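Here's the structure we're looking at; comments come further down.
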Amino acid sequence: MYLQRKLIRALLATLLMYVASSVHAYELEVRPVVDGIYALVGETEARTETNHGLNNTLGFIDTGSSIILISSGTNADAYDTIIRAIRSISNKPVRYVFNIGTQDHHWMGNHYFIAGGAEVIALKKTVDGQKANIDTQLTRLQQGIGQQAQSVKPVYASRIIDADRHALTIDGMQLELIWPGKGHYAGDAVLWLPGSRVMFSGDFVYMERMLAIHPTSDAAAWQQSFHVIADMQPQHIVPGHGGPADLAGAKRDTGNYLDWLTANVRAAIKDWKEIDETINALSDAPQFMHLKHYESWHRRNIHQTYLQFEGN
């Protein structure tokens with residue numbers, strides 16, 4: 001009898017731990033964009049074990065026959081989180097995955113979706129960018145998500161398209177995979193749905209938070225690429241970070257900042273201002289202070305942009 005009671009207590013304790021972990025499990029926020037198209041909005045903080053490296057925005061399309069996923073996450077935990085978010089809307093199978101980004105959280109979960117029978121599609125430029133940055137990305141991911149990184153199994157797209165612009169039809173839906181130019185990373189791309197005028201912009205657009213100019217970024221090209229996207233007149237944009245927006249919102253949080261940053265840093269260099277003088281002169285930009293991480297990224301962005309422009 002004593003052993004039975006002990007066993008029951010152990011089972012109840014395990015069940016309570018499971019329920020507690022389930023209640024507090026990290027969830028992506030599912031936001032409808034237009035009928036059948038959804039954004040999966042992750043945190044705008046750093047990669048952590050809690051968010052499984054999903055500090056970005058993904059998305060999916062319910063075609064009526066299957067699910068098209070845009071970006072595949074990072075690892076096994078991220079895969080479970082993405083599937084759980086999709087299943088809150090649809091039980092249709094994920095048959096297609098598009099890689100539109102070079103950073104880890106856009107593609108390092110490919111393995112799990114391929115194992116589930118999905119075809120992963122990407123432009124060659126995107127895959128080349130993933131290959132060129134894989135060591136750095138793996139290191140940053142390991143630093144962010146700790147032991148969860150052990151389940152990362154980097155696998156590149158199963159269908160690689162050697163073109164800058166490629167039209168596809170999936171389940172009767174027209175899509176275009178487009179490389180608009182360099183940006184956050186050189187190989188980043190966008191997925192355009194001309195029928196609904198929805199743009200999955202990936203990291204060409206940041207909403208609600210300050211974008212980041214890395215050494216791998218090209219600030220001048222990013223500014224031009226944003227204008228290529230804007231010229232297509234999307235009505236709905238699913239960004240790489242933050243919630244879905246219209247074109248006016250994307251200009252407010254990303255396009256205007258890139259225009260301001262590139263113009264002012266160029267002018268400073270033309271006036272022979274030193275880098276520290278330029279950073280101090282441009283550090284106060286109240287029109288962009290509404291963006292999360294402004295304090296930690298704005299001065300860095302000026303610094304990195306100056307270094308890029310100085311040599312040109």
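The values are calculated or read from the model by the stated rules, or taken from the named source; none is laboratory data. The model shown is predicted, which means the values in this text are computed figures rather than measured ones. Quick reminder, even Gly has a Cβ in these numbers, built from the backbone with ideal geometry, and neighbours come from all protein chains shown. Please note that ligands, DNA and RNA were not included when accessible areas were found on the heavy atoms of the full protein model with its side chains. Shrake-Rupley method; radii C 1.70, N 1.55, O 1.52, S 1.80 Å.
Name the residues in segment 226-245 that are in a helix (DSSP H, G or I) and farther than 15 Å from R197 by Cβ, would you?
Result: F226, H227, V228.
Name the residue that is nearest to N99 (Cα to Cα), counting only residues in segment 61-83 that are assigned to a loop (DSSP other than H, G, I, E, B) and small (G, A, S).
Across segment 61-83, the extreme among qualifying residues is S71.
Residues in segment 194-206 that are over 16 Å from H105 (Cβ atoms) and either crowded, with 24+ Cβ neighbours inside 10 Å or touching a His at 6+ places or on another chain (Cβ under 9 Å) (or both): how many?
Adding up the residues that qualify gives 4.
Restricting to segment 84-97, name every residue that is farther than 19 Å from I121 by Cβ and either in contact with a helix residue (DSSP H, G or I) (Cβ under 6 Å, 6 or more places away or on another chain) or not small (G, A, S) (or both).
R84, R87, I89, N91
Being touching a Leu at 6+ places or on another chain (Cβ under 7 Å), charged (D, E, K, R), within 26 Å of A46 (Cβ to Cβ) and open to solvent by 10 Å² or more (accessible area, probe 1.4 Å) is the requirement here; does R209 meet it?
Spelling it out, R209 is indeed touching a Leu at 6+ places or on another chain (Cβ under 7 Å), charged (D, E, K, R), within 26 Å of A46 (Cβ to Cβ) and open to solvent by 10 Å² or more (accessible area, probe 1.4 Å).
Looking only at segment 24-60, how many residues end up being in a loop (DSSP other than H, G, I, E, B) and open to solvent by 70 Å² or more (accessible area, probe 1.4 Å)?
Final tally of qualifying residues: 6.
State which residue pairs qualify: first residue touching a residue at least 12 places away in the same chain (Cβ under 8 Å) and inside segment 144-171, second residue assigned to a loop (DSSP other than H, G, I, E, B) and open to solvent by 70 Å² or more (accessible area, probe 1.4 Å) in any location, beta carbons under 7 Å apart, and separation of 6 or more residues or different chains.
Filtered contacts from segment 144-171: I145/E49; G146/E49; Q148/E49.
Name every residue in segment 194-225 that is of a type in the set (A, V, I, L, M, F, W, C), touching a residue at least 40 places away in the same chain (Cβ under 8 Å) and outside any helix (DSSP H, G or I), in order of residue number.
Of everything in segment 194-225, those that are of a type in the set (A, V, I, L, M, F, W, C), touching a residue at least 40 places away in the same chain (Cβ under 8 Å) and outside any helix (DSSP H, G or I) turn out to be V198, F200, F204, V205, M207, M210, L211, A212, I213.
Read through the list (1) of a type in the set (A, V, I, L, M); (2) open to solvent by 10 Å² or more (accessible area, probe 1.4 Å); (3) out of contact with any Pro (no Cβ under 9 Å at 6 or more places or on another chain), then give the number of the only condition that M232 fails.
Condition (3) is where M232 drops out.
Taking only segment 68-95 into account, find how many residues are out of contact with any Ser or Thr (no Cβ under 6 Å at 6 or more places or on another chain), without any contact (Cβ under 8 Å) to a residue 60 or more places away in the chain and not small (G, A, S).
Total meeting the criteria: 12.
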